[in-house]
Amino acid sequence: MKTIVRKVSESGTFTPEDRAALKEAAAVIRAGGLVAFPTETVYGLGANALDARAAEKIYAAKGRPSDNPLIAHVWCLEQAEALVSRMPEKGRILAERFWPGPLTMIFPRSEIVPDRTTGGLDTVAVRMPSDPVAAELIRLADLPIAAPSANTSGRPSPTRAEHVLQDMDGRIEMILDGGPVGIGVESTIVDVTEEIPVLLRPGAVTMEMLTEAVGEVRVDPAILGPVAPGVRPKAPGMKYRHYAPRAPLTLVEGEAEAVTAEINRLAAEKLAAGARVGIICTEETKAAYPAGLVRSIGRRSREETVAHNLYAVLREFDDLGADYIFSESFPEDHLGRAIMNRLNKAAGYHILRV
Ligand code: TXA
Ligand code: MG
């Protein structure tokens, strides 16, 4: 299959060429094909969420385990309502507050959603993206679009169209290239089927923001540490070693100076043995690392820059052929909770405390 790449402007003001590309993409979705498209979080790999055969193609293209359900993306509330059998009050409040935006909610599903989309669960994940390209694609397709992140299963999520092409060239009909995404980590997932909502995946809609909107929110244990063998977490995707770079990644936690010293010590050891060593640091600390492939992931004082660059830096170390990666850690509040969740998973929870 030849994968067509079409550029679409990021601004939300579409040129006639943009409109033609969006129409073409919507036609591919309606015909049961696959289109990768930008969202405000990461690039998604889209198919008609109501067509089991189309959803099946997503699993094949990604090499994704078939028990891992997909998120249905909608552009308006009526479209969301058709997918759910009931919209609990707290779900409605969160939708009003955070949609369109980087929030996915788990609802009891309606009978129009096929098993292939939900992995056989009696719930459905629904999200209304704010990215204008994503919203316009869904509107034109006039269907909910099932879309996981557009990476090969297990690789870091794509935050640029180039990343999608690396993983999906020849496997999907089309890529809409809307430039680099804004946020850089996947949406927050909240299960609203129970009286007290449960956070299943941290993202840019933070715990602090959720609690402010609906009061108490529980945190699913799968977020906090490795999932024990045999345990089925509420978000099935959380059990896989996700977001992983090819080289083993070690996170170093502790006081800033002790962390730098430990990373330099570990790097020197591996460099002396002839290995390629990647170091993930920040604008504030980068001058403290004399050796290795040193990459700043962003500014500590502006966490959104860290989220924005996270997956691109992990992919860059794949391209550079790093043998080992050592990374600084971040405080686990606000957006830091999402950043550390992804870094912890990428590291397979390999953390050194100094
Ligand atoms: O930001 C995002 O959410 C991106 C963009 C493309 O929108 N999409 C995304 O999809 O991250 P994916 O497939 O990579 O992650 C979906 C997560 C998985 O962990 C999956 O297990 C969980 O959502 N999920 C989907 N349906 C669910 C359900 N009914 N109950 C619990 N978890 C569910
Ligand atoms: Mg994913």
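Please determine whether any residue of the range 165-186 is open to solvent by 10 Å² or more (accessible area, probe 1.4 Å), outside any loop (DSSP other than H, G, I, E, B) and in contact with a His (Cβ under 9 Å, 6 or more places away or on another chain). No, the range 165-186 contains no residue that is open to solvent by 10 Å² or more (accessible area, probe 1.4 Å), outside any loop (DSSP other than H, G, I, E, B) and in contact with a His (Cβ under 9 Å, 6 or more places away or on another chain).
Please work out which one of (1) modelled with pLDDT under 95; (2) away from ligand 2 (no atom under 16 Å from the Cβ) is the condition Leu143 fails and give its number. Just one mismatch for Leu143, condition (1). Give me a count of the residues in the range 88-120 that are among the hydrophobic types (A, V, I, L, M, F, W, C), in contact (Cβ under 8 Å) with a residue 60 or more places away in the chain and not in a strand (DSSP E or B). So the count comes out to 5. Could you list, ordered by first residue, the pairs with Cβ atoms under 7 Å in which the first is in the range 244-257 and under 21 Å from Ser157 (Cβ atoms) and the second is open to solvent by 70 Å² or more (accessible area, probe 1.4 Å) and in a strand (DSSP E or B), at least 6 apart or interchain? Listed by first residue and then by second, the contacts come to Ala247/Tyr324; Pro248/Tyr324.
Being at pLDDT 95 or above and in contact with a Leu (Cβ under 9 Å, 6 or more places away or on another chain) is the requirement here; does Leu77 meet it?
Taking the combined requirement at face value, the residue does not satisfy it.
Scanning the range 121-140 for residues that are within 16 Å of ligand 2 (Cβ to nearest atom), of a type outside the set (A, V, I, L, M) and assigned to a strand (DSSP E or B) gives a single hit, Arg127. Pro65 passes every criterion in (1) in contact (Cβ under 8 Å) with a residue 24 or more places away in the chain; (2) more than 15 Å from ligand 2 (Cβ to nearest atom); (3) not hydroxyl-bearing (Ser, Thr, Tyr) apart from (2). Set side by side, the residues Ala36, Ala25 differ, and just one is touching a residue at least 40 places away in the same chain (Cβ under 8 Å), buried (at least 18 other Cβ atoms within 10 Å of the Cβ) and within 16 Å of ligand 2 (Cβ to nearest atom), which is Ala36.
Out of curiosity, is Ala54 under 24 Å from Glu111 (Cβ atoms), more than 16 Å from ligand 2 (Cβ to nearest atom), in the same structural domain as Gly154 (by TED's automatic domain parsing) and touching a strand residue (DSSP E or B) at 6+ places or on another chain (Cβ under 6 Å)? Reasoning before the result, please.
On the way: under 24 Å from Glu111 (Cβ atoms): yes; more than 16 Å from ligand 2 (Cβ to nearest atom): yes; in the same structural domain as Gly154 (by TED's automatic domain parsing): yes; touching a strand residue (DSSP E or B) at 6+ places or on another chain (Cβ under 6 Å): yes.
Yes; evaluated as a whole, the condition is true for this residue.
State which residue is farthest from Phe330 (Cα to Cα) when the search covers only the range 271-296 and only residues that are free of Cβ contacts under 8 Å to residues at least 24 places away in the same chain and open to solvent by less than 50 Å² (accessible area, probe 1.4 Å). Full working, then the answer.
Filtering the range 271-296 down to residues free of Cβ contacts under 8 Å to residues at least 24 places away in the same chain leaves 271-274, 283-284, 286-287, 294-296.
Those left that are additionally open to solvent by less than 50 Å² (accessible area, probe 1.4 Å): 294, 296.
Details: Val294: 17, Ser296: 13 Å.
Ranking the candidates gives Val294 first.
When the range 80-133 is filtered for residues that are near ligand 1 (Cβ under 10 Å from one of its atoms), open to solvent by 20 Å² or more (accessible area, probe 1.4 Å) and of a type in the set (Ser, Thr, Tyr), only Thr123 remains.
The values are calculated or read from the model by the stated rules, or taken from the named source; none is laboratory data. Keep in mind that this is a model prediction, so the values were computed, not measured. Please note: Cβ atoms are built from the backbone with ideal geometry, for glycine as well, and neighbour counts cover all protein chains shown. Remember, those area values only see protein heavy atoms, side chains included, never the ligands or the DNA or RNA. Shrake-Rupley method; radii C 1.70, N 1.55, O 1.52, S 1.80 Å.
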